[in-house]
Amino acid sequence: MQPPNIVYLHSHDTGRYVQPYGHQIPTPNIQRLADQGLLFRQAFCAAPTCSGSRACLLTGQWAHVNGMTGLAHRGWKLRDYGRHVVHPLREVGYWSALVGEQHVSAQPDVLGYDHVVDIGTTKVHSIAPAALQLLRNRLPQPFFLSIGFFETHREFFEPSSVRDALYGAPPTQLPDTAATRADMAAFKASARSLDQGVGAVLHGLDEAGLADDTLVFLTTDHGLPFPGAKGTLSDRGLGVMLIIRGPGGFYGGHVTDALTSHVDIYPTLLELAGASIPPDTHGRSLLPLVRKEATAVRDELFAELTYHAAYDPQRAIRTDRHKLIRHFGDRLEPVLPNVDDSPSKSLLVEAGWGTEPRPRLELYDLIMDPARCETSPTCRSSQPRATSSTNASQPGWRRRRTHCWRGRCRSRQGRSSTTPPGSRRPSRSSKPSTDAGVGSPDRSPLPHRSSRPKFSD
């Protein structure tokens, strides 16, 4: 098989809130891609922040290894930009171009693309025509083309449907109010714009006669920009759309429930291109899954958050059955600067959400508790009394399951304890901001190195 062209389509803050994942958000072009390709129902990012997620995808490494533990425009960088996927692809003859959003460097020219289209905006109305112009220019083949859209990041479009604002529903972790419905209606308007951009690129590939020889993969960086999603290690923060269409077996309108991480895309692309996969790659190629040589490529995946707008260190491990989240540091209340400003956030803050402590340890049974507590930003997970020595080797801690029933949380074992003994109440002096701003990194001290969890694959 000849190495395929590769088109990397990516959005901001979309999670899985598009039509082929069952949501009432008309995205016919994304649905068309799913109908022709392979849709991953259980795909997750490795870090629920804009830079960290993309860095993990494009290097095949966890964020604490590749260096992107914060936001690129706030000073964080990859430890080695030679690790970016365009470099091993170049070694096997690929030409590369960047159009629109990238969020892995403050200066796109350090990434290593052969061509960068800089038009001063990353919104669909400008990026889609620029991408089409590039496709019409008969690019050198094989090529790797990154097309990044600003949508569906806040600022949203004004709601384009009165019905959405009246009859739509907000994400289930939020209260159903006029404010949250209108907020979600605005997101839907941005999602429609994103879909138009995706459709334009797909049409451009057809028009240029490139569709049959091009692998297209569409994903987003992390969950929705609503409280309880983006910037958290809940499934709503980590869950992402992932649809792949093209050579290598990614055809047929199929769906897989196999557990998949963004870091798995890197070795998949390199294997398809005939490039060497670095031995320190944490991801696993998806090709055995596609070739039906295996029913899964991993039994677990990892995720992490250290910085977004502010310091909030936490780590997670997830399997098909269970999820464990651990919060580090002194602060257990929500870190409000890490939640994008919005009507939904304002509603919760006014109700006192900003002072609600989070559990230091969260363990969920994802089969027995499909409506698990982690879907609610205001839910307190019951857990045994925790100390610094609490760990998974303790039988009582390991067996604890959290349950939600009619809005109430209960535990099969252990007393409720939202603040472990010895924890200090956090300061509330964090400076609010969003990831769209520019500034210096938060220099809050990192935990001692020996206290950081070591992830291994």
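Values quoted throughout were computed directly from the atomic coordinates according to the rules given, and no laboratory measurement underlies them. Remember, predicted model here, so these are calculated numbers, not experimental data. Cβ sites come from the backbone with ideal geometry, for glycine too, and all protein chains shown count toward neighbours.
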Check: Ranked highest first by the average count of other Cβ atoms within 10 Å around their residues, in what order do 292-300, 253-261 fall?
Finding: 253-261, 292-300
Next item on the list: Quick one: go through the stretch 175-196 and flag any residue whose amide nitrogen is under 12 Å from the point 7 Å out along the Cα-to-Cβ line of SER346.
Entry: 179-180, 183
Checklist line | Sparse-neighbourhood loop sites, trypsin sites (Lys or Arg not before Pro) in the stretch 22-115 - DSSP loop, at most 13 other Cβ within 10 angstrom | finding: ARG79
Next item on the list: Can you tell me how much longer the chain between ASP80 and THR319 gets when fully stretched, taken as 0.36 nm per residue apart minus their C-alpha distance, in nm with one decimal?
Entry: 83.0 nm
Check: So if we plug the beta-carbon distance of VAL92 and ILE119 into 1/(1 + (r/R0)^6) with R0 = 22 Å, what FRET efficiency do we get, rounded to 0.05?
Finding: 0.15
Note to self: Please report the spacing between the Cα centers of the stretch 262-294 and the stretch 53-73 in Å, no decimals.
What the structure shows: 18 Å
Check: Along the charge dipole of the stretch 1-114, Cβ charges K/R +1 and D/E -1, which of ALA55, SER11, VAL65 sits furthest on the positive end?
Finding: VAL65
Check: What is the spin-label model distance, in nm, from GLN141 to ASP206 if the labels are put 7 Å beyond Cα along the C-beta direction?
Finding: 1.8 nm
Item checked: Local electrostatic count, PHE149, Cβ distance below 12 Å [Lys/Arg +1, Asp/Glu -1] -> -4
